[in-house]
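Trainee: Take this structure, written in structure tokens, and hold onto it; I'll ask about it next.
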Amino acid sequence: MSARDNILNKIRKAQTPNSNAAEVIAQHLAQHPRGPRPNIPDDLVAHFKARALKLSSDVLETDDSKNVPQLLADYLREKSLPMSGVCWPELADLPWLAAGLEIHSHPPLPHLNPDGTTSHSTKPASGQVAGYLPKGEEANISLREFNDTDAVGVTSAFCAIAETGTLMMLGGADTPATTSLLPETHVAIVDPKRIVATMEDAWELMRKEFSQPPRAVNFISGPSRTADIEQTVTLGAHGPYRVLLILAPL
Amino acid sequence: MMQNNALQFKRQVTIKLADVKLQGALSRLQSRFVEGRSAVISEIADLPQTRDAAAGIRNRVLNDLEHWLLHFEREATARGTVVHWAETGEDVNRIVTEIAAQHGVKTAAKSKSMVSEECGLNDALERAGVTVMETDLGEYILQLAKEAPSHIVAPVVHKNKEEVADLFAEKHGLPRKTGIAELCREAREILRPAFLNADMGISGANFLIAETGSALIVTNEGNGRLVTTLPRVHVAITGIEKVVPTLEDVSTLLRLLPRSATGQSITNYVSMLTGKKSVTDPDGPEHFHIILLDNGRSSLLGGEMQDMLRCIRCGACMNHCPVYQNIGGHAYGWVYPGPMGSILTPLLSGLENSPDLPNASTLCGACAVVCPVKIPLPDLLRKLREKQMERGMKSRQETLLLKTWAWFALHPKLYAFATKVGVKFMAILGGKEKLLHNLPGASGWTNGRDFPAPTGKTFRELYRKEHNK
Amino acid sequence: MRVGFFVTCLVDAMRPRIGFAAIKLLEAAGCEVAVPEQQTCCGQPGYNSGDRKSATALALKFLAEFESFDYVVVPSGSCAGMTVKHYPDLFKDDAALLARFTALGARTFELTDFLHNVAQLKSVPGKFHGTLTYHDSCSGLRELDVYQQPRALLATMPDVTIKEMVESTTCCGFGGTFSVKYGELSTRMADNKCTHIADTNCDTIVGGDLGCLLNIEGRLRRNGDHSTRVLHIAEVLADTGE
């Protein structure tokens with residue numbers, strides 16, 4: 001008898017078997033009912049900003065994503081931080097160099113085709129996180145692997161959750177998890193249109209746009225922190241020391 | 001298996017109460033965690049309904065655990081996760097060691113896992129030649145100090161920063177730092193290469209999601225993300241009871257877990273991990289293993305202790321426990337301290353090995369009030385006391401005392417006589433001070449307190465006199 | 001209304017005047033008070049020590065003595081809690097008795113809860129003068145929601161000022177047999193309570209459960225504090241204190 005059989009037998013013996021368990025489970029999974037949720041004010045953007053600030057994230061806003069590099073440059077300069085880093089490929093087109101920033105894009109990564117072959121996508125798939133083919137000199141960026149010494153990591157987000165001021169990141173070919181994790185500064189460009197009220201709304205958006213969850217879904221809520229020594233909150237444990245959210249239409 | 005030292009409980013209480021440094025550390029726990037929880041739990045407007053819903057979600061799974069586990073296994077396997085089943089801690093150690101051997105693992109980076117503490121996994125891996133690095137700051141400090149966690153959420157709550165500074169200076173061979181931020185920075189810099197070079201990442205899992213076959217981990221430091229992203233093999237170890245049906249269900253639990261645990265509305269990171277790295281994924285492990293540990297949990301199912309399996313390991317019960325607040329976690333002798341530990345340790349590690357734990361509580365109920373999944377902790381402690389009584393595990397003296405008291409209480413005339421004589425005698429002993437400094441058989445009381453003497457006549461005597469006038 | 005008064009074993013033996021004070025308050029609230037003579041102990045010591053059998057026997061005894069009253073009033077949150085919350089647990093497998101115990105539980109009240117919420121007493125006979133601090137005993141607080149009631153009753157007394165201590169709802173460490181079995185721990189918890197009391201500079205500490213009060217008083221006296229008065233809420237409200 002395997003450990004699996006032994007454990008399942010013990011469970012079976014302890015509980016009166018539910019004859020229509022499979023049906024009940026299938027029904028619950030199909031309906032995935034929502035539990036009690038907080039009331040989130042109608043102005044999701046304002047609520048998101050307020051909650052994000054509470055989590056020690058920094059928040060900037062612009063109505064044109066072209067301004068993002070300049071906002072970031074000013075932010076880094078003011079804090080005397082290194083003016084270089086790495087970004088997700090979909091953001092490589094932004095005028096980084098013009099703002100005095102040296103931002104490298106991750107190399108494009110192969111996409112899996114339905115027939116099992118791989119290819120490099122040339123344009124964003126509609127409704128999904130964009131695949132990106134770099135434009136070399138035109139975009140003033142260079143391509144290389146992610147490096148542990150990158151000071152700044154620039155990403156977008158799948159969506160953001162107003163309830164807690166949280167970013168929802170889906171890992172994928174062009175959205176590596178490391179960009180938001182290894183650098184000391186994580187910059188996330190958040191499209192205000194992609195701010196949802198609650199976690200449940202975020203899951204629903206994921207279900208709508210993806211047939212199954214990607215390998216890694218991460219909720220990010222401010223800079224990494226620890227309170228292990230004397231229960232004193234210290235920002236910058238193993239992940240970023242600071243998180244800058246730039247609200248900009250993408 | 002982690003050794004259970006709960007037989008030493010009373011001796012440990014004496015030591016811990018006299019430990020000045022520990023007492024200082026514990027006072028911080030109370031202010032940070034108790035006040036912290038209180039500040040954010042009010043963000044949940046309909047807290048009673050949310051707690052009901054959370055308990056309901058856990059019950060839904062526990063009442064049909066077999067089917068939910070099988071559903072989880074099916075979904076996880078479909079995404080390329082290898083699901084293992086372990087009956088005991090030794091089984092977990094063997095499975096992880098085998099996975100390590102299979103993939104040629106030399107070093108492992110580990111994020112916090114209380115289940116792995118049940119197994120004594122680190123020692124087993126070291127014996128198999130795998131270097132294990134704890135990466136949660138608290139667990140890392142404990143690994144350096146060769147100590148066990150004293151809290152399930154804040155493992156190193158028993159140490160102050162001077163102790164950590166001394167430890168780092170000694171073990172890292174770097175100039176001694178004094179500020180907490182500097183100490184954290186030093187640990188980060190020492191540990192970063194460990195993440196980048198580790199062949200295997202080991203983590204726990206706060207929840208397993210049946211709908212998607214995912215493991216969900218809540219962390220603050222980011223080490224949980226690192227160990228599940230960078231190494232080429234990831235092993236997540238958790239208990240069989242941790243299954244949650246859907247993403248909506250897990251959302252409800254996530255509203256309560258960090259608020260109850262650390263007074264945070266949400267932890268910095270919530271990572272939902274589903275399957276191994278696909279062809280197109282730029283990062284993530286090539287192999288993902290999930291180990292489901294029983295270790296006695298199934299024996300709680302279907303009985304009066306099943307409620308304990310709802311536990312989501314937030315630690316609120318210990319943060320609010322006046323016993324834990326005064327002695328810390330080590331006195332409890334095994335992996336889990338505080339009220340939840342006083343129930344789990346006897347159940348998973350033997351009631352005969354932990355006779356004090358169910359009794360070392362005033363049943364004040366502070367734990368039950370804050371438990372996010374409404375575990376009736378005092379009732380479960382009392383049920384364990386009943387088991388001790390049924391199995392003849394109580395001391396002869398205590399049993400005799402209880403039976404004698406009950407016998408008198410059931411015989412009112414004798415009771416009236418005995419109390420009348422008793423209180424008169426005690427009143428005389430109390431003297432002018434009206435205090436007893438010693439009470440035979442009750443030195444537990446009088447070692448630290450006087451016993452206020454009775455006034456000399458019972459209520460029933462006086463009442464009868466008044467009404468026969 | 002006919003009220004059956006359950007004195008509790010501790011008040012009976014240790015502080016009869018609390019019982020008389022409680023009766024005085026009940027009568028002030030217009031109740032006809034009866035004190036069944038055969039009453040002894042509610043069975044809590046056995047119940048909390050795992051001795052279900054003796055607790056069951058004493059519960060049945062309690063039922064026989066008190067079932068006939070409109071209300072049962074107890075000057076102790078923990079004994080009232082035993083009756084209201086735990087007797088039904090003892091008879092969960094006997095539908096007929098469970099129904100009777102549930103009905104009895106619904107008519108059983110801790111003293112201040114009864115005076116404030118049921119009898120709606122608006123003025124009390126007590127003449128206490130001074131500033132006091134209040135300790136909330138665990139069972140009354142968490143099993144019966146007794147928190148506002150004693151404060152509301154004290155608020156009707158013009159010369160009483162309540163100065164809250166920090167952590168007034170934290171356990172004093174009594175816990176019945178716990179106080180003897182784990183004496184060191186119990187003493188430390190009592191000591192913490194004494195510190196919080198001292199920090200208020202009040203000369204009177206008041207509570208609703210005699211077990212806790214004896215524990216607190218015992219620690220105060222051992223610490224050399226012979227002046228702080230330790231009083232049951234009934235004594236303050238009825239002013240039969242010495």
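Values quoted throughout were computed directly from the atomic coordinates according to the rules given, and no laboratory measurement underlies them. The structure presented is a predicted model; accordingly, all values stated were derived computationally and were not measured. Ideal geometry is used to build each Cβ from the backbone, glycine not excepted, and the neighbour counts take in all protein chains shown.
Trainee: Using Cα-Cα distances under 8 Å and only pairs 6 or more residues apart, what relative contact order does segment B:247-398 have, in percent?
Mentor: Working: 149 pairs, mean separation 30.1, N = 152.
Reported relative contact order: 20 percent.
Trainee: Another question about this same structure. Using a Förster radius of 25 Å, what is the FRET efficiency between B:Ser38 and B:Glu304 based on their Cβ-Cβ separation? Nearest 0.05, please.
Mentor: Numbers: r = 31 Å, r/R0 = 1.24.
Plugging the Cβ-Cβ distance into 1/(1 + (r/R0)^6) gives 0.20.
Trainee: For chain C, which longest stretch is free of loop sites, where a loop site is one of the trypsin sites (Lys or Arg not before Pro) that DSSP puts outside H, G, I, E and B and that has at most 11 other Cβ atoms within 10 Å?
Mentor: Values: sites that count: C:Lys92, C:Lys122.
In short, C:123-242.
Trainee: For segment B:396-467, report the translational diffusion coefficient in µm²/s to the nearest whole number, using Stokes-Einstein at 20 °C, 1.002 mPa s, and a Kirkwood Rh over Cα pairs. Provide the component values of the computation, followed by the final result.
Mentor: On the way: Rh = 13.6 Å.
The calculation lands on 157 µm²/s.
Trainee: Helix-only estimate, please: 222 nm mean residue ellipticity of chain C, summing -39500 (n - 2.57) across DSSP H runs of length 4 or more and dividing by its residues, to the nearest 500. List each step's numbers first, then the result.
Mentor: Details: 13 runs with 115 residues, N = 242.
Per the formula, -13500 deg cm²/dmol.
Trainee: Considering the alpha-carbon set of segment B:241-282 alone, what are its Rg and its Dmax in angstrom?
Mentor: 13.5, 40
Trainee: A follow-up question, please. So for each of B:349-357, B:189-197 I average, over its residues, the number of other beta carbons within 10 Å; can you give me the resulting order with the highest mean first? Mind dumping the intermediate values first?
Mentor: Details: B:349-357: 20.0, B:189-197: 16.4.
Ranked by mean Cβ neighbours within 10 Å, highest first: B:349-357, B:189-197.
Trainee: Once label points are set 7 Å from the Cα along Cα→Cβ at both C:Ala106 and B:Asp52, what is their separation, rounded to one decimal in nm?
Mentor: In this crude spin-label approximation the distance works out to 1.9 nm.
Trainee: Taking the Cβ-Cβ separation of C:Ala155 and B:Ala45 as r and a Förster radius of 30 Å, what is the calculated FRET efficiency to the nearest 0.05? The partial results should precede the final answer.
Mentor: Working: r = 29 Å, r/R0 = 0.97.
Step by step, r from the Cβ atoms, then E = 0.55.
Trainee: Could you give me the ³J(HN,Hα) list for segment B:192-208, computed from phi with Karplus coefficients 6.51, -1.76, 1.60 and θ = phi - 60°, whole Hz, x at Gly and Pro?
Mentor: Karplus-based 3J(HN,Hα) across segment B:192-208 equals 3, x, 5, 5, 5, 9, 5, 7, 9, x, 10, 9, x, 8, 6, 9, 10 Hz.
Trainee: Counting other beta carbons within 10 Å of each Cβ, put C:Val160, B:Val157 in order, fewest first.
Mentor: On the way: C:Val160 21, B:Val157 28.
Listed from fewest to most nearby Cβ atoms, that is C:Val160, B:Val157.
Trainee: I'd like the antiparallel share, as a percent to the nearest 5, of DSSP beta bridges with both residues in segment B:118-262. Show your work: numbers first, answer last.
Mentor: Details: 3 of 9 bridges.
About 35 percent, rounded to the nearest 5.
Trainee: Quickly work out the B:Arg464-to-B:Glu352 label distance, labels modelled 7 Å from Cα along the C-beta direction, and quote it in nm with one decimal.
Mentor: Label at B:Glu352, label at B:Arg464, 4.9 nm between them.
Trainee: A follow-up question, please. Kirkwood Rh over Cα pairs of segment B:144-228 into Stokes-Einstein at 4 °C, 1.567 mPa s: D in µm²/s?
Mentor: My calculation gives 86 µm²/s for D.
Trainee: Let me ask something else about it. So how many Å³ per residue does the convex hull of the Cα atoms of segment B:195-259 work out to?
Mentor: About 82 Å³ per residue, rounded to a whole number.
Trainee: Hey, another quick one. Would you please calculate the Kirkwood hydrodynamic radius of chain C over all C-alpha pairs and express it in Å, rounded to one decimal? Present the calculation step by step, with values, prior to reporting the outcome.
Mentor: Numbers: mean 1/r = 0.0553 Å⁻¹.
Kirkwood hydrodynamic radius for chain C: 18.1 Å.
Trainee: Only residues of segment B:330-369 count here: report those whose backbone N is under 18 Å from the spot 7 Å along Cα→Cβ of B:Glu90, or say none.
Mentor: The answer is B:348-350, whose backbone nitrogens lie closer than 18 Å to the label point.
Trainee: Treating the beta-carbon of each Lys and Arg as +1 and of each Asp and Glu as -1, no other charges, what is the dipole magnitude of the protein assembly as shown about its Cα centre, to the nearest 20 debye? Before the final figure, lay out each step's value.
Mentor: On the way: 101 positive and 108 negative charges, 656 e Å.
In total the dipole reaches around 3160 debye.
Trainee: May I ask you to derive the FRET efficiency for C:Lys122 and B:Asp166 from their Cβ-Cβ distance with R0 = 60 Å, giving the value to the nearest 0.05?
Mentor: On the way: r = 63 Å, r/R0 = 1.05.
Efficiency for this residue pair is about 0.40.
Trainee: Enumerate by residue number the trypsin sites (Lys or Arg not before Pro) in segment B:59-108 meeting two conditions: DSSP loop (anything except H, G, I, E, B), and at most 14 other Cβ atoms within 10 Å of the site's Cβ. Show your work: numbers first, answer last.
Mentor: On the way: sites: B:Arg60, B:Arg74, B:Arg79, B:Arg94, B:Lys106; in loops: B:Arg79, B:Lys106.
Those that pass, being in a loop and sparsely packed, are B:Lys106.
Trainee: Charges on Cβ only, +1 for Lys and Arg, -1 for Asp and Glu, centred on the Cα centroid of the protein assembly as shown; of C:Ile23, B:Gln30, A:Val196, which one is farthest towards the dipole's positive end?
Mentor: C:Ile23
Trainee: If you place +1 on the Cβ of every Lys and Arg and -1 on the Cβ of every Asp and Glu, how big does the dipole about the Cα centre of chain C come out, in debye to the nearest 20?
Mentor: Values: 23 positive and 29 negative charges, 44 e Å.
That gives a dipole near 200 debye.
Trainee: Can you bin every Cα-Cα distance in segment C:2-118 into 10 Å intervals starting at zero and give me the percent of pairs per bin, rounded to whole numbers?
Mentor: 15, 49, 30, 6, 0
Trainee: What GluC sites (Glu not before Pro) in segment B:370-464 are in a loop by DSSP, with at most 14 other Cβ atoms within 10 Å of the Cβ? Before the final figure, lay out the partial values.
Mentor: Details: sites: B:Glu386, B:Glu390, B:Glu398, B:Glu433, B:Glu461; in loops: B:Glu433.
Answer in residue order: B:Glu433.
Trainee: I've got another one for you. Would you work out the charge dipole size for chain B about its Cα centre, treating the Cβ of every Lys and Arg as +1 and the Cβ of every Asp and Glu as -1, and quote it to the nearest 20 debye? Before the final figure, lay out each step's value.
Mentor: Details: 56 positive and 50 negative charges, 492 e Å.
In total the dipole reaches around 2360 debye.
Trainee: Here is a follow-up. Based on other C-beta atoms within 10 Å, arrange B:Lys242, B:Lys465, B:Lys383 from fewest to most.
Mentor: Values: B:Lys242 26, B:Lys465 10, B:Lys383 20.
Least to most surrounded, the residues fall as B:Lys465, B:Lys383, B:Lys242.
Trainee: Per q in 0.07, 0.09, 0.11, 0.14 Å⁻¹, report the Debye log10 I(q)/I(0) for segment B:6-298, using one uniform scatterer on each alpha carbon and no solvent.
Mentor: After summing over all Cα pairs, the log10 values are -0.28, -0.47, -0.71, -1.15.
Trainee: While we're on this one: Subtracting the Cα-Cα distance from 0.36 nm times the residue separation, let me have the gained length for B:Val279 to B:Glu189 in nm, one decimal. Mind showing how you got there, number by number?
Mentor: Working: separation 90, 0.36 × 90 = 32.40 nm, distance 3.15 nm.
Between B:Val279 and B:Glu189, full extension yields 29.2 nm more.
Trainee: Let me ask something else. Tabulate in residue order the Karplus-calculated ³J(HN,Hα) for segment B:111-116, using 6.51 cos²θ - 1.76 cosθ + 1.60 with θ = phi - 60°, rounded to whole Hz; enter x for Gly and Pro.
Mentor: 9, 4, 8, 5, 4, 5
Trainee: Amide H of C:Arg229: which non-local residues (sequence gap of 5 or more, or other chain) have their own amide H closer than 5 Å, using H built in the peptide plane?
Mentor: C:Thr204, C:Ile205
Trainee: Further question: Would you please give the residues with an amide H less than 5 Å from that of B:Val82, counting only those at least 5 places away or on a separate chain, with H modeled from the backbone geometry?
Mentor: Here the answer is B:Phe288, B:His289, B:Ile290, since their amide H atoms fall under 5 Å of that of B:Val82.
Trainee: Quantify how much of the Cα-Cα distance distribution of segment B:28-69 extends past 11 Å, in percent. Mind dumping the intermediate values first?
Mentor: Values: 613 of 861 pairs.
Roughly 71 percent, once rounded to a whole number.
Trainee: Please identify the cysteines of chain B that lack any partner cysteine with a Cβ under 4.7 Å from their own Cβ.
Mentor: Cysteines of chain B left without a disulfide-compatible partner: B:Cys119, B:Cys184, B:Cys311, B:Cys314, B:Cys321, B:Cys371.
Trainee: Hey, if you put +1 on the Cβ of every Lys and Arg and -1 on every Asp and Glu Cβ in chain B, which of B:Ala409, B:Leu348, B:Leu429 ends up farthest toward the positive end of that dipole?
Mentor: Comparing the listed Cα positions along the dipole, B:Leu429 ranks first.
Trainee: Across all directions of projection, what mean area in square nanometres is found for the Cα convex hull of segment C:130-238?
Mentor: Details: hull surface 25.5 nm².
The number I arrive at for segment C:130-238 is 6.4 nm².
Trainee: Which links in B:Lys432/B:Lys457; B:Lys21/B:Lys171; B:Lys403/C:Lys181; B:Lys16/C:Lys181; B:Lys374/B:Lys403 stretch past 23 Å when you go from one Cα to the other? Present the calculation step by step, with values, prior to reporting the outcome.
Mentor: Values: B:Lys432/B:Lys457 16 Å; B:Lys21/B:Lys171 21 Å; B:Lys403/C:Lys181 17 Å; B:Lys16/C:Lys181 17 Å; B:Lys374/B:Lys403 33 Å.
Violating the 23 Å limit, Cα to Cα: B:Lys374/B:Lys403.
Trainee: Could you grab the relative contact order for chain C? Cα pairs under 8 Å, six or more apart, rounded to a whole percent. Mind dumping the intermediate values first?
Mentor: Details: 421 pairs, mean separation 51.9, N = 242.
About 21 percent, as a whole number.
Trainee: Distance in nm between label sites at B:Asn447 and B:Ala145, each 7 Å beyond Cα in the beta-carbon direction?
Mentor: In this crude spin-label approximation the distance works out to 2.6 nm.
Trainee: Given contacts defined as C-alpha pairs under 8 Å and at least six residues apart, what's the relative contact order of chain B, whole-number percent? Don't jump to the answer; show the numbers that get you there.
Mentor: On the way: 804 pairs, mean separation 94.9, N = 469.
Reported relative contact order: 20 percent.
Trainee: Now, a different point. I need the P(r) histogram for the protein assembly as shown: all alpha carbon pairs, bin width 20 Å from 0 out to the longest distance, whole percents.
Mentor: Bins of 20 Å from zero give 13, 41, 30, 14, 2, 0 percent of pairs.
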